[in-house]
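Visitor: Would you mind keeping the following structure in view while I ask a few things?
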Amino acid sequence: MDQMRQVFSVDVLERYAAKGRGVITCMSAGNDVIVLGTSKGWLIRHDFGAGDSSDIDLSVGRPGEQSIHRVFVDPGGSHCIATIIGSGGAETFYTHAKWSKPRVLSKLKGLVVNTVAWNRQQITEASTKEMLLGTDNGQLHEMAVDEKDKREKYIKFLFELKELPEAIMGLQMETASLTNGTRYYVMAVTPTRLYSFTGFGSLDTVFASYVDRAVHFMELPGEIPNSELHFFIKQRRAVHFAWLSGAGIYHGGLNFGAQRSSPNGDENFVENKALLYYSKLSDGSEAVKPSSMAVSEFHFLMLIGNKVKVVNRISEQIIEELHFDQTSESVSRDIIGLCSDATAGVFYAYDQNSIFQVSVNDEGRDMWKVYLDMKEYAAALANCRDPLQRDQVYLVQAESAFSSKDFLRAASFYAKINYILSFEEITLKFITVSEQDALRTFLLHKLDNLAKDDKCQITMISTWATELYLDKINRLLLEDDTAMENRNSEYQSIIKEFRAFLSDCKDVLDEATTMKLLESYGRVEELVYFASLKEQYEIVVHHYIQQGEAKKALEVLQKPSVPIDLQYKFAPDLIMLDAYETVESWMTTNNLNPRKLIPAMMRYSSEPHAKNETHEVIKYLEFCAHRLHNEDPGVHNLLLSLYAKQEDDSSLLRFLQCKFGKGRENGPEFFYDPKYALRLCLKEKRMRACVHIYSMMSMHEEAVALALQVDPELAMAEADKVEDDEDLRKKLWLMVAKHVVEQEKGTKRENIRKAIAFLKETDGLLKIEDILPFFPDFALIDDFKEAICSSLEDYNKQIELLKQEMNDATHGADNIRNDISALAQRYAVIDRDEDCGSCRRKILIVGGDYRTRGYTTVGPIPPFYVFPCGHAFHSQCLIAHVTRCTDETQAEYILDLQKQLTLLGNEARKDSNGVISEDSLTSMTPSNKLRSQLDDAVASECPFCGDLMIHEVALPFVAPEEAYQVSSWEIKPHNLGNQRSLSLPV
């Protein structure tokens, strides 16, 4: 229904709009406000927004007939300018919507104002800002009015057409705000010319600049009833213009941001200029020129007689004719003119009595067809409203390209069609003409246009495109044998494109099907490439190993996404292929378990190697042991076995002496199996290594025995290692000594001297008597005289030392006995005024009941404690203080001791002086024992100077059981309402 409805429709708005004030001569509209001028000099204002109307008589005080020549309303409907012509000449008035009386513009007296240009960007209800007025004698004036002033601010003459003095019939102004000011664009029309002015600063400076330069104009001679200039306004900005000239409708776009200059130096802000000839509107008959026009977004409304022809601005075709429902009185008279309300978006027509409203109903709905017929496809797509319209545009483009055999271009357009042609129909078009490349292009474009939810269709099309790529590659190889070597060939280009396609579609292609396709076409490299994309790294690595490219295989294995298990799987092949690169790769790979690489390393180690060649496995194992601190016994055993097979045993010995686990707490010093190491070294006859292993296993006798076979110096070093077992150390040195004595060859005296010299190396561990049994029975005693005498002197010295130690021990015992005797004589002096540290009463107080359970008083003085720091306490006060301040367990222990003392009863009292006899000190009765325990519990340290006071710092001031103390300090609000205020005299 909406498609059948006309774009433009005419309705009667007001039948008798002149209200009997004469006939309508002119009209203007803005923001739902219409102002009419009548033949009797009246202005009639209709405000459809507010729903009221008013009228003003401009002819008051003027003799003769007065007629309104022109009336102009600003886009906001507040400001109005009207020119009245009568026998007394012309006068121009300004009135505001809030004014009841108009203001005559005296400076314009005698001038006929034909047109007004408002500053749409700056104008407000309170102020017109600057505006332009065009007169009948070719002059331009600038004027501004502030409503609060009740008069114009100024009227200035700006410019006059002198070359061809014609009436200015139409005037429009646009401004653009720039960072450094305002630029003005002004267009004016006379009956034969269209002038354009532009400049920066103010209107004064703009038109002053044209004193020294020519005005830019477009001349179209010809007769016209009324030359008009219209701007189409969209969002307060002029978009395009139209000039109703004698030759036709001259129109074009407006671009006020452009900086293109015309040959005469003016900025050219007009684009896409065109001229619509009136002959196109006459259907072959004589062209009739319109008497008035209006401009919409896509159409021209031209008033011809009593009807309006609507012409599409783009196609220049008449789309509708509008007829007016006139009254019987005015049917013989033509419609006077058209006017537009840019703010409200409506158009008006008027005759002598009535106002007609021309409404617009979605005028852009068929513009896509207009542009499509003109083959302006981009504009057609921009104006499409739904997918079906877009499909029709794509279809026309596709069929045009297909018919001209531009199949690739046709494919790209067919791919965009979603509704009016099926996928099968389009593909059959290309298959019929055997255009595989175009079909592939169509499929690729179709993939781009499909939604992600169409997973099944995406997979099928991608697979089909893969096969078409493979077919294309094979055809290129058949056509050109040199295609593979030539880097710039089409073959190389299609290979690159195919790989990019595989990369883009890796997630939608079926893995098994695609690999089977690639394999069937013999595209091994693409198969490897796709396998890499799909993270099928096993296939990729296997391919590189077959090609002998170990480095590439290792690069694949080092990718973070590659499973670590593949490293172990391909390690045997890779290390045999390139041991250096493989080991370098292993050393840079994180989280690699060397134990799982042992089979590969064993395989490599079993192969013969040159003497000077770097053993890569040893290099890697040393890296694991020293740098990675690997603790795996298998790794250490393998490294040890490789060291053992080397001719030079220095590396083996260094390895055995290196304590790998020393840095770890409670860790072993080595991680290899010592028994395996011993067997291996014995097998390979690495005796020095065996000695070290025996020693490490604490088999020192075996170590020394084996070392004596290799090097006596080594045996001595091994014997010296035993430090914590003197007997074993001596036994080992005796083994060495026996070997030395038995191995010496030469004269007897010389052998004896060497043996005695050997004794000195033992640091006194062996004596001459220890080695005498190793000499033959026929040796003379005289040869050992010196050594024996030296030994006897040593024994004598040791005896003297023992005597001295015994005397020292005797003196020490005597000193201890004297100290014990002096201990009983200790005393402290108490001042007679000394206070108890707890109760603050006198320590030496007489009288009162100060008996303490477990203690006996000496005369009238109660028991008390005195500490070295000077503090003194009654025994009862000290016990109470310690019990209160210590923890619950200790307090119970102290109270229990007191209870036991009480149960035992009174013991023998001390003498009156308080001195304890030696006998009583040594004889500990149960009572004394308990009292000693109680003393230790309460008087081991001063409560004010010891740990007890330090611990009290952490205790709260108010204990949990003393919560009532906290509540007693709480400040409670009183009922202030019941209090009376007392005034105190000052």
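Visitor: Scan the stretch 198-210 and tell me whether some residue there is under 30 Å from residue 335 (Cα atoms), part of a strand (DSSP E or B), out of contact with any Cys (no Cβ under 6 Å at 6 or more places or on another chain) and not small (Gly, Ala, Ser).
Guide: no
Visitor: Can you pull out the strands (runs of 3 or more DSSP E) entirely within the stretch 1-106 that have at least 3 residues that are in contact (Cβ under 8 Å) with a residue 60 or more places away in the chain and in contact with an Asp or Glu (Cβ under 8 Å, 6 or more places away or on another chain)?
Guide: So the answer is 8-14, 24-30.
Visitor: Still on this structure, I have one more. For residue 370, indicate whether it is open to solvent by 30 Å² or more (accessible area, probe 1.4 Å) and touching a residue at least 24 places away in the same chain (Cβ under 8 Å).
Guide: no
Visitor: Shifting gears a bit: Which residue, of 847, 859, is loosely packed, with under 10 Cβ neighbours inside 10 Å, in contact with a Ser or Thr (Cβ under 9 Å, 6 or more places away or on another chain) and modelled with pLDDT under 75?
Guide: Of 847, 859, the one residue that is loosely packed, with under 10 Cβ neighbours inside 10 Å, in contact with a Ser or Thr (Cβ under 9 Å, 6 or more places away or on another chain) and modelled with pLDDT under 75 is 859.
Visitor: How do the pairs read when you match residues in the stretch 267-294 that are farther than 16 Å from residue 307 by Cα and modelled with pLDDT of 90 or more with residues anywhere that are open to solvent by less than 50 Å² (accessible area, probe 1.4 Å) and among the aromatic types (Phe, Trp, Tyr), using Cβ under 6 Å and keeping only pairs 6 or more apart or on different chains?
Guide: Sorted first by the residue in the stretch 267-294, then by its partner, the pairs are 275/250.
Visitor: State whether the residues of the stretch 526-539 include one that is open to solvent by 50 Å² or more (accessible area, probe 1.4 Å), farther than 11 Å from residue 470 by Cβ, in a helix (DSSP H, G or I) and of a type in the set (Gly, Ala, Ser).
Guide: No, every residue in the stretch 526-539 fails to be open to solvent by 50 Å² or more (accessible area, probe 1.4 Å), farther than 11 Å from residue 470 by Cβ, in a helix (DSSP H, G or I) and of a type in the set (Gly, Ala, Ser).
Visitor: How many residues does the stretch 511-532 contain that are among the charged types (D, E, K, R), at pLDDT below 90 and within 22 Å of residue 460 (Cα to Cα)?
Guide: Adding up the residues that qualify gives 4.
Visitor: Now a separate question. Of everything in the stretch 162-187, what is open to solvent by less than 10 Å² (accessible area, probe 1.4 Å) and free of Cβ contacts under 8 Å to residues at least 60 places away in the same chain? Give them in sequence order.
Guide: Answer for the stretch 162-187, where residues must be open to solvent by less than 10 Å² (accessible area, probe 1.4 Å) and free of Cβ contacts under 8 Å to residues at least 60 places away in the same chain: 168, 171, 173, 175, 187.
Visitor: Just to verify a result, which residue in the stretch 591-614, among those that are closer than 23 Å to residue 551 by Cβ and at pLDDT below 85, is surrounded by the fewest Cβ atoms within 10 Å (Cβ to Cβ)?
Guide: By that ranking, first place goes to 610.
Visitor: Could you please find all residues in the stretch 574-584 being open to solvent by 10 Å² or more (accessible area, probe 1.4 Å) and of a type in the set (Ser, Thr, Tyr)?
Guide: Correct list: 580 only.
Visitor: Of all residues being free of Cβ contacts under 8 Å to residues at least 40 places away in the same chain and farther than 16 Å from residue 168 by Cα in the stretch 205-231, which is surrounded by the most Cβ atoms within 10 Å (Cβ to Cβ)? Just the residue, please.
Guide: Result: 206.
Visitor: Looking at 93, 72, can you tell me which residue is touching a Lys or Arg at 6+ places or on another chain (Cβ under 8 Å), under 19 Å from residue 154 (Cα atoms) and open to solvent by less than 40 Å² (accessible area, probe 1.4 Å)?
Guide: Being touching a Lys or Arg at 6+ places or on another chain (Cβ under 8 Å), under 19 Å from residue 154 (Cα atoms) and open to solvent by less than 40 Å² (accessible area, probe 1.4 Å) holds for just one of 93, 72, which is 93.
Visitor: Would you mind stating whether residue 152 is in contact with a strand residue (DSSP E or B) (Cβ under 6 Å, 6 or more places away or on another chain), buried (at least 16 other Cβ atoms within 10 Å of the Cβ), without any contact (Cβ under 8 Å) to a residue 60 or more places away in the chain and of a type in the set (Asp, Glu)?
Guide: When the stated conditions are applied, residue 152 passes them.
Visitor: Determine whether residue 116 is within 26 Å of residue 172 (Cα to Cα), of a type in the set (A, V, I, L, M), within 60 Å of the chain's Cα centre (by Cα) and not in a loop (DSSP other than H, G, I, E, B).
Guide: yes
Visitor: Would the stretch 370-387 turn up any residue that is over 25 Å from residue 251 (Cα atoms), in contact with a strand residue (DSSP E or B) (Cβ under 9 Å, 6 or more places away or on another chain) and assigned to a loop (DSSP other than H, G, I, E, B)?
Guide: No - not one qualifying residue is present in the stretch 370-387.
Visitor: Follow-up. Given the condition within 41 Å of the chain's Cα centre (by Cα), closer than 18 Å to residue 393 by Cβ and of a type in the set (Lys, Arg), answer yes or no: does some residue in the stretch 448-471 qualify?
Guide: No, that holds for no residue.
Visitor: Looking only at the stretch 941-967, count every residue that is among the hydroxyl-bearing types (Ser, Thr, Tyr) and open to solvent by less than 90 Å² (accessible area, probe 1.4 Å) and tell me the total.
Guide: 1
Visitor: What are the pairs with Cβ atoms under 6 angstrom where one residue, in the stretch 929-940, is open to solvent by 40 Å² or more (accessible area, probe 1.4 Å) and the other, located anywhere, is among the hydrophobic types (A, V, I, L, M, F, W, C)? Sequence gap at least six, or different chains.
Guide: Going by the 6 Å Cβ cut-off, the qualifying pairs are 933/897.
Visitor: Hand me the list of helices (runs of 4 or more DSSP H) wholly inside the stretch 627-734 holding 3 or more residues that are modelled with pLDDT under 75 and charged (D, E, K, R).
Guide: Output list reads 712-720.
The values are calculated or read from the model by the stated rules, or taken from the named source; none is laboratory data. The structure presented is a predicted model; accordingly, all values stated were derived computationally and were not measured. As a convention, Cβ positions derive from the backbone with ideal geometry for all residues, glycine included, and neighbour counts pool all protein chains shown. Please note that ligands, DNA and RNA were not included when accessible areas were found on the heavy atoms of the full protein model with its side chains. Shrake-Rupley method; radii C 1.70, N 1.55, O 1.52, S 1.80 Å.
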